1. Compute the FRET efficiency between residue 201 and residue 481 as 1/(1 + (r/R0)^6), taking r as their Cβ-Cβ distance and R0 = 22 Å, and round to the nearest 0.05.
2. Under 18 Å from a point 7 Å along the Cα-to-Cβ line of residue 422: which residues of the range 356-392 have their amide N that close?
3. DSSP beta bridges in the chain, what fraction antiparallel, as a percent rounded to 5?
4. Among rounded, prolate and oblate, which fits the range 62-171 when a ≥ b ≥ c are the square roots of the eigenvalues of its C-alpha gyration tensor, a/c under 1.5 means rounded, and a/b larger than b/c means prolate?
5. Once fully extended, how much extra length lies between residue 249 and residue 320, figured as 0.36 nm per residue of separation less the alpha-carbon to alpha-carbon distance?
6. Contour minus end-to-end for residue 135 and residue 147, with contour as 0.36 nm per residue of separation and end-to-end as the Cα-Cα distance?
7. What distance in nm separates the two pseudo spin-label positions at residue 391 and residue 376, each 7 Å out from Cα along the beta-carbon direction?
8. Highest mean first, what order results for 455-462, 444-451 on Cβ atoms within 10 Å?
């Protein structure tokens, strides 16, 4: 129902020491990400840089393809009961983990049980709360009994954290990840690089083509672009938007981009004053011109929206107007809330996340005419994750595309949603009713109606402001062949080679 949103070479000692290369190793690819990885355990991952590594090392039962349709991955097929409550997945035979053991159904059972365990603290746990029981029917068949009907269940296994892991190596995943993916983990030097090598036993014949992948950690945009220009890098994942024109101007480089449902947002914590008053939250949302914000924060490399559902999706509520910024109306709302002279507030932004920093500055300027004085405070990203995200009253955050409309919406807007309870603490019984109903919708028409209602509630209650969805842009050296940007921002290197 929701499938839309659904050549061997050795690196030179220069590369391994971080020094400039004089020659390119034909079978290796060097890609940069912009911040350190906090974990290599897929269930516990929260950042895009971590997801990049996970996609190369692990597989899910299913996978979201480049056209956003659902495809088999570790499961070669699946079926469900008529009531959508019993789902049976049939695993590929002969798939091996990187430590040599064959994948079996018990690995799937252990993986999902671990995600469901609160102690794991996986953000994917909310997706699998719907699972009542998981059982290995035989070595290659696993069955899930759901608490309620759910037509989009198979798509949950395309989620980033739902990578299947070996039950006999769970305790070491954070530092020594073992999966079934196209590349095997070799080493990780925190703050510097991750080194991966080709998996000779990968189940897709002839893939991957690369012998090794080096993931360089380069926080500064200028350093990334300089390294791409000089040939020290082959690919910059999530190219800084301000660098697009420079990359386009180079005859040896190209820009590859795709529309996504990834978004940045203005987070207002409903448990903190003054944002515990819906009238204040509405005033903030009313004062913000989303088209202007999109131009300032993304240089136009995105599209204004109401919620995580992008305008390109058939469920997008076209009847809701995109906010154009009305400071007069915002002032009136503030007066009704007891702030006739406005108020002063600190807005935290994560340093090094350029689009989010620009978003913060845009919010500051656009809220001035409404009488809200915003003091923008940049916070180092590691500090932001530790001290601000989920704790601050007013800050800028961002999240990646999810595989379904349900997983894009439910965790942020349902009262039990894992991201809702970690961000804006929003609760509305009507929203819960709508989202619970959408999970069980039997037809496209019913699902579209319910998600239309959910978007209207999100605008009306304004738990936060999602101004836009973002284009995923990558900078690529011309010698890289077969690379295509993924709408889920996955780094798919299976069919990639280097001249």
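Nothing in this text is a laboratory measurement; each read-out follows from the coordinates by a stated rule. Because the structure is predicted, anything quoted here is derived from the model rather than measured. Reconstructed Cβ throughout: ideal geometry from the backbone, glycine too, with neighbour counts over all protein chains shown.
1. 0.35
2. 381-392
3. 75 percent
4. rounded
5. Value of the extension gain: 21.6 nm.
6. 2.9 nm
7. 2.4 nm
8. Going from most to least packed, we get 455-462, 444-451.
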